[in-house]
Amino acid sequence: MHAEELRERYIAGERDFSGIDIRNADLNSICLSNANLPCAKIINCNLNRANLKSANLSDADLSGSTLCHANLQEAHLRNAILKETDLNDAELLGADLTGANIIEAFNVSSPHLLIVDEDENSEPELFKVIREASRGLYNSHNSESSYPYDVFLWDVASRGNFTLEKFLEEIGLLVEVQPFDFIEDKFPVKEYGILIKKIDTYLTNYKYYFLKVGLVWLDNYVPLLIGNTLVGSWIGICPTFDIERYGKECHGRIEDSASLNDNSELLSVLEEVKANINFSKRWDYSLEHCTYEIAEIRAALLHNILIYSNIMIFEQEIESGFFGENDEYNDARYAQRIQIFSDLVRSNLKNIRVYLLSYIEIYVYLVGQTENGDWIGIHTKWTQT
């Protein structure tokens, strides 16, 4: 089938394209939402910005195709072949990727990388129950848009203790970059160059990272520098963002015993440099220069600097009505399902942590610990303008 034929047939109202074979085609921005495409072979195709919301792509072969910025929300991708499929900034919220080889795809930024196969008997029963309870539910009570939920598992035995930095790396949101990978207008090479020139003699082992958190005016990237001071402390530096957080105060810092006195000379230079660097010249948004954080334990570093740079809000409890259980619904059965979902999470998970990342389109990650020490997570989005 040719690309134009597929477009025309969809526009004409056809939705069943089971087993189609289309290769090396330009399907840029095509709309195939709710289309039936099981066992399709869509190989080496350009599907950038395609609308595949709720499409059935079970057992489909998408090898080598690019789906950058594609909408795959609630798509059925069971057992899909995703070898060398580019999913950069693709929306996968609510997608069913059971059995799909998503680890062989490129540029995935999603907790779907932590998904476990529901067909395997090794899944914890509590995880199965919470995931099943979440299906068909939407977060809309505290958001201007309605989003489904993803449920994922952090297995301590295979992944180690849960930390925010490990989590963001595992789901592809925190990416280390080399200087030769810097892209003009995405990483502030000049501003960081000024910083490094001033403080290089006080730093060792520093590396650069992109934090991909959906800040549109930054092309979805926030630049970070993480390294060590001469006394062995960890240091992080990134822009500070002037974002209205609707009265929410900065809290949730991880207390750390790093000695600021041992780094007093570095801090003095940083304060001087900080006052003379304006990241906002690079982007059309109000920024407040840069922020830095020093920590003895690396696990505390990223957590704290994201709070102080205003990229993240952190909560250590689930607010009343977090899942919309205090709202009124026309459908009594749906309201009951929301209450059941909320009760399951609240009564079975301890050490609750809620991370709200970004601005306007906010990434919401709730994680809580089970009795055996593993972590079950829930991911959704809020839109707040």
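The values are calculated or read from the model by the stated rules, or taken from the named source; none is laboratory data. All figures in this text were calculated on a predicted structure; none of them were measured in a lab. Ideal geometry is used to build each Cβ from the backbone, glycine not excepted, and the neighbour counts take in all protein chains shown. We work out accessible area using only protein heavy atoms, side chains counted, and drop any ligands, DNA or RNA first. Shrake-Rupley method; radii C 1.70, N 1.55, O 1.52, S 1.80 Å.
Please list the non-local residues whose amide H lies under 5 Å from the amide H of residue 206, H modeled 1.01 Å from N, same-chain partners needing a gap of 5 or more.
Close amide H contacts, sequence-distant or interchain: 228.
Can you compute the modelled spin-label distance between residue 178 and residue 196, with each label point 7 Å from Cα toward Cβ, in nm?
Simple spin-label model gives 1.3 nm for this pair.
So how much slack lies between residue 296 and residue 104, counting 0.36 nm per residue of separation and subtracting their Cα-Cα distance, in nm?
Between residue 296 and residue 104, full extension yields an extra 65.6 nm.
Please state, rounded to one decimal and in Å, the Kirkwood hydrodynamic radius that region 1-65 gives when every pair of distinct Cα atoms enters the mean of 1/r.
When all Cα pairs of region 1-65 are included, the Kirkwood radius is 11.4 Å.
Given a cut-off of under 8 Å on Cα pairs at least six residues apart, what relative contact order in percent is computed for the chain?
11
Taking 7 Å along the Cα-to-C-beta vector as the label spot, tell me the residue 278-residue 23 distance in nanometres, rounded to one decimal.
According to this spin-label approximation, the distance is 5.6 nm.
Between residue 268 and residue 360, take the C-beta separation as r, use R0 = 35 Å, and let me know the FRET efficiency to the nearest 0.05.
So the FRET efficiency works out to roughly 0.45.
If I compute semi-axes √(5λ) of the Cα gyration tensor in Å from the structure I just sent, which labelled value in (i) 38, 27, 19; (ii) 32, 26, 17; (iii) 47, 23, 22 lines up?
Calculated semi-axes √(5λ) of the Cα gyration tensor in Å: the matching label is (i).
Could you work out the local net charge near residue 346, counting Lys and Arg as +1, Asp and Glu as -1, over the other residues with Cβ closer than 12 Å to its Cβ?
In short, -3.
Just subtract the alpha-carbon distance of residue 261 and residue 156 from 0.36 nm times their residue separation and send over the number in nm, one decimal.
34.2 nm
Greater than 29 Å separation of Cα atoms is the criterion. Which listed pairs, 41/381; 53/190; 41/128; 83/381, meet it?
Those over the limit are 41/381; 53/190; 41/128.
Based on the mean of other Cβ atoms within 10 Å per residue, sort peptides 88-100, 138-150, 339-351 so the most packed one is first.
88-100, 138-150, 339-351
If you take every DSSP beta bridge fully contained in the chain, what fraction is antiparallel? Give it as a percent rounded to 5.
75
On average, how much accessible surface per residue is there in the chain, in Å², for a 1.4 Å probe, leaving out ligands, DNA and RNA?
It amounts to 45 Å² per residue over the chain.
Starting from 0.36 nm per residue, how many nanometres of slack lie between residue 205 and residue 31 once their C-alpha separation is accounted for?
58.0 nm
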